[in-house]
Amino acid sequence: MDAIPARPFDPLAAVREPSDPGFDVLLAGTVFQDIIFTGLPHGPEPGTEIWSDGMGSCPGGVANQAIAAARLGLRTGLAAAFGDDGYGDFNWKILSGQEHVDLSLSKKVPGWHSPVTVSLCVDKDRSLVTHGHAAPITSSELIGDPPPALAGIAEVGLEVEPWAKAAHQAGVKLFGDVGWDPSGVWAPVRLENLQYFHAFLPNQREAMAFTGKDDPWTALYALADRVPVAVVTLGPQGAMAVDSETGEEEWVPSLPVKAFDPTGAGDCFDAAFIVGSLAGWPLGNRLRFANLCASLAVQEVGGSLAAPGWGDIADWWKRANARPERQTSQWLRRFSFLAEIVHDVPLAAQRRAAATIAHLSDA
């Protein structure tokens, strides 16, 4: 495995100003200990034991987004509570020491154990088993007055957390995600809360439930009436978006790849879309880059283990251009905007790392 550089490649170096704030992206939430089993022949049945082809252990939950952003070179700040157990120590070490995520807003909480999630990947989908207790300290208590940042990631829920509202008022561009509502109610106040957000990036199922529409296109336009940048991801069919600030509308198909594990692919998509947004790319290129990062993620063991770095993206570009059909490839033409970017990516740029308790991901 290549050594991890002390400083990750910076995709925003050309557009930064001396007055830019300390963080590119600020996020808060719960860090889980993820244990991921892949290559299962079928789901477990009562009274039986099955063996998986591969497994990995890594920080999960909000750590998926933080690591995906940091590996793409964003200066990432995370506010989270960490348990005072072995899992908490491991996750803190990986995030801070290996992945260059700033944990100055995070805190280790005595007497609180880390939440744990087991992900079972069967037939290109996943099932989750989770145990944990609510953190004894909130994200807003950890953050206080939000530090300067270009962007933030927050949940569009029944209530927007105080830190996110304060960040919005301070000019931080908030990118919204959403957790599934098990009650099935999807209260209309969630739509009203989009007023605090610059962009909203649900998948098609979430978008339709969120808006009460029966198809993803109608849901997209309903969201575009509420938020400057609306994105709806479509899984194997790609992603579509409306940028009301620029007047752009785009649908971009996914890359044709064999999916191994979808865990965390949405987090990689979101982080890549934020990179393109902060860099000022056209909407179509933002979606293409986000699709590319998600497609690189689903081909590996999932969660934060799979999040690609700029080294992985440069490797993909070189492999794609080494193919005999490269001169006539429509796919490469669509990604031609990457040529100038990856030209500056150093050989030691950030790549995936084996963030696993077993030292090496057994996949």
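Tabulated results
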| read-out | value |
| --- | --- |
| Axial C-alpha extent at least 18 Å, average Kyte-Doolittle at least 0.5 - helices from the chain (DSSP) | 265-279, 283-298 |
| Bridge type composition, region 63-183 - antiparallel percent by DSSP, nearest 5 | 45 |
| Phi-based couplings in Hz for region 44-53 (Karplus 6.51, -1.76, 1.60; Gly and Pro marked x) | x, 10, x, x, 10, 10, 10, 10, 9, 6 |
| Accessible area, probe 1.4 Å, largest first, for residues E161, E192 | E192, E161 |
| Relative contact order of region 1-132, pairs being alpha-carbon contacts under 8 Å that are 6 or more residues apart, as % | 29 |
| Proximal aspartates and glutamates relative to K318, as straight alpha-carbon distance under 15 Å, when same-chain residues fewer than 8 apart are discounted | E340, D344 |
| Global form of region 122-234, assessed from the alpha-carbon gyration tensor, a/c cut-off 1.5 | oblate |
| The chain: antiparallel DSSP beta bridges as a percent of all, rounded to 5 | 50 |
| Relative contact order for the chain, counting Cα pairs under 8 Å that sit 6 or more residues apart, in percent | 20 |
| Sequence-distant residues sharing a close amide H with A79 (under 5 Å, placed H) | L27, A28, G29 |
| Global form of region 67-135, assessed from the alpha-carbon gyration tensor, a/c cut-off 1.5 | oblate |
| Given charges at beta-carbon only (K, R positive; D, E negative), |dipole| of region 100-158 in Debye | 180 |
| Unit charges at the beta carbon, dipole of region 137-245: most positive-side option, L142, Y196, W163 | Y196 |
| Restricting region 180-275 to trypsin sites (Lys or Arg not before Pro) in coil, as DSSP defines it, with at most 11 other Cβ within 10 Å | K258 |
| In Å², nearest 10: area of I274 left accessible to a 1.4 Å probe | 0 |
| Total charge dipole magnitude, region 188-341, about the Cα centre, Cβ charges on Lys, Arg, Asp, Glu only, Debye to nearest 20 | 480 |
| Added length on full extension, which subtracts the Cα-Cα distance from 0.36 nm per residue, S329 to L347 | 3.9 nm |
| Shape category assigned to the chain from the gyration tensor of Cα positions, a/c cut at 1.5 | rounded |
| Inter-label distance for E141 and N321, nm, one decimal - labels placed 7 Å from Cα along Cα-to-Cβ | 5.2 |
| Radius 12 Å from Cβ of V109, net charge of other residues (Lys, Arg +1; Asp, Glu -1) | -1 |
| For region 126-154 and region 71-88, distance of Cα centres in Å | 10 |
| Computed over region 156-257: relative contact order in percent, which uses C-alpha pairs under 8 Å that are six or more apart | 20 |
| Long pairs among K93/K213; K107/K165; K173/K258; K108/K165; K107/K173, criterion Cα-Cα beyond 32 Å | K93/K213; K173/K258 |
| Amide H partners (placed H, <5 Å) of E300, local residues excluded | F260, D261 |
| Length added when fully stretched, W251-Q237, from 0.36 nm per residue minus Cα-Cα | 4.1 nm |
| Computed magnitude of the charge dipole of the chain (debye, nearest 20; Cβ of K, R +1, Cβ of D, E -1) | 780 |
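The values are calculated or read from the model by the stated rules, or taken from the named source; none is laboratory data. Keep in mind it's a predicted model, so treat the numbers as computed, not measured. When we count neighbours, we look across all protein chains shown, and the Cβ atoms used for this are built from the backbone with ideal geometry, even at glycine. Accessible surface is based on the protein model in full, side chains and every heavy atom, while ligands, DNA and RNA are left aside. Shrake-Rupley method; radii C 1.70, N 1.55, O 1.52, S 1.80 Å.
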